[in-house]
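The values are calculated or read from the model by the stated rules, or taken from the named source; none is laboratory data. Owing to the predicted nature of the structure, the values given are computational and were not obtained by experimental measurement. Cβ sites come from the backbone with ideal geometry, for glycine too, and all protein chains shown count toward neighbours. We work out accessible area using only protein heavy atoms, side chains counted, and drop any ligands, DNA or RNA first. Shrake-Rupley method; radii C 1.70, N 1.55, O 1.52, S 1.80 Å.
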Amino acid sequence: MGGEAGERRLGRAMSFGIPDVALGLVMGFVEDPWDRDAISLVCRHWCRVDALSRKHVTVAMAYSTTPDRLFRRFPCLESLKLKAKPRAAMFNLIPEDWGGSASPWIRQLSASFHFLKALHLRRMIVSDDDLDVLVRAKAHMLSSLKLDRCSGFSTSSLALVARTCKKLETLFLEDSIIAEKENDEWIRELATNNNVLETLNFFLTDLRASPAYLTLLVRNCRRLKVLKISECFMLDLVDLFRTAEILQDFAGGSFDDQGQVEESRNYENYYFPPSLLRLSLLYMGTKEMQVLFPYGAALKKLDLQFTFLSTEDHCQLVQRCPNLEILEVRDVIGDRGLEVVAQTCKKLQRLRVERGDDDQGGLEDEHGMVTQVGLMAVAQGCPHLEYWAVHVTDITNAALEAIGTYSSSLNDFRLVLLDREANITESPLDNGVRALLRGCTKLRRFAFYVRPGALSDVGLGYIGEFSKTIRYMLLGNVGESDQGLLQLSTGCPSLQKLELRGCFFSERALAVAVLQLKSLRYLWVQGYKASPNGTDLMAMVRPFWNIEIIAPNQDEVCPDGQAQILAYYSLAGMRSDYPHSVIPLSPSV
């Protein structure tokens, strides 16, 4: 077409006569990153427009690219989410010194990304110096800072952020490990220097929080809608709740105060703001749950994972919450509790049933187990479920088939089969998995963690055949031989992230599967059949593919002493911060 001039003509033709400004505005309404990626591949012209109009990017693996490369591709970014440590780190399966420092990124972000207003770091090591660099460069414009499951920084840095970032609307610290945890002056700094804050979250941290400072914060930050805190005695928060006129989401507090006699605790007429829609309370027992009864009908989210409620308590409380859209509980809710959920919560969209403590002093009574009975009830009674994560004691093909039949709106389904009982009712679960995947055509994320024998090679073949749209998959203790994994890998055309645990496929099968899964960008394996000299894994080598062997820690042995494989797509080449516990198998090319 005549070089550069021909390319411009082709770009105009592919744009159907749409001016660049209009094309950029149209692209601004396309939020799905997969759709944006598809748009950028139409032609070079559209790729440039996408680059200039893209406002948010998620980097799922910090070592997959460099800050400089990201800036050259998207120079106008306003929001960035960055993840580093593998998801397995949340379960203490990754060595503490694996890596994940935020320093290289924060230095470049502070120097080059001139429009950046929102930063979300997840599972990263963030030092006080990092936050100092970030604040010096971005304090005048930073509106959202999320340090999500991060570590390495202290409350001194939080005070600096609170004192200087006066436009900060969101400060998120949930489940992070923070030094100088007894120092809560940062809350006072936030209260006195910020009047635009809308979200403050330091839930599931060990940070001390003075009720007086929290009340001052609520009084001065009149836009505050989300407040999630650490443990703080509920009777000390009465003034806070009477001041928080527009609070919609609260988590934390505590009904357990070691310094107060139980008989002196009076929760009659306890007050929550009428605007409250989402609630998570710590250590609430049978005597205290009545404080929620007057507010149950208004609640859209209820988190009971950290309470001391029995199966019957769950039933009584859920019956008073007919408008719930999100419910998070432990498996003490039992089948009977899930039947109440199915009868009551017709608007439910997200349901999480976590494993309870097996030594919880009898809370897991004879009703406190989740089986196929509860799953079938929820599948039939809650037709709008989009997310469902559940730990079960027993499961059948019929229950999985019911989910496929009645829960067609699911985009994320995760099932863990516990080992509390010696046997399960039915095995293998191949036909149930096939029916579930055939019925739930919107699934994007799928986890199936069972016990040996519960899913055969035939079942793995079904997963490959019927997982057209699934992008993330976790499988545990599945399959009988390498053939099952190879059958799976002939399908799954959209699969980008695969995690395998306890499946014991051979290195050769893993390598072949990686090469056959054309969309795969990330693989984590714990438990596999190693070849005598490790050479079989070399068949996995391909351009831009980093492979790491994570050896069991000699001091703190990994579960079962199993080595791990971590492989990921990277434009950045080999990383330079490997600890002794990580062995790079081969360099990227």
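Sorted into 20 angstrom bins from 0, the C-alpha pair distances of the chain split as 18, 49, 31, 2, 0 percent.
Note that region 60-109, at 4 °C in a medium of 1.567 mPa s, gets a Stokes-Einstein diffusion coefficient of 107 µm²/s from its Kirkwood radius over C-alpha pairs. For the set K228/K442; K55/K138; K167/K301, the pairs lying more than 21 angstrom apart at their alpha carbons are K228/K442; K167/K301. Residues K138, K518, K146, ordered by accessible area of protein heavy atoms at a 1.4 angstrom probe radius and largest first, appear as K518, K146, K138. Evaluating kT/(6 pi eta Rh) at 10 °C and 1.306 mPa s, with the Kirkwood radius of region 151-254 over Cα pairs in the Stokes-Einstein relation, gives 119 µm² s⁻¹.
Each Lys and Arg adds +1 at its Cβ and each Asp and Glu adds -1 at its Cβ; summed about the Cα centre, the chain shows a dipole of about 3300 debye. Among the trypsin sites (Lys or Arg not before Pro) in region 462-502, those placed in a DSSP loop whose Cβ has at most 16 other Cβ atoms within 10 Å are K468.
Since only S506, I187, N411 are under comparison, the one whose Cα sits farthest along the positive direction of the charge dipole of the chain, derived from C-beta charges on Lys, Arg, Asp and Glu, is N411. For region 336-436, the calculated P(r), taken from all Cα-Cα distances in 10 Å bins from zero up to the bin holding the longest distance, is 15, 50, 29, 5 percent. Extension gain for the segment E185 to K287, taken as residue separation times 0.36 nm less the Cα-Cα distance, is 33.3 nm to one decimal. Annotation for region 446-473 versus region 63-91: alpha-carbon center distance of 29 Å. When the alpha-carbon atoms of region 95-192 are used, the pair Rg, Dmax equals 12.7, 40 angstrom.
Near the amide H of Y267, within less than 5 Å, lie no amide hydrogens of residues on another chain or at least 5 residues away, with H placed in the peptide plane.
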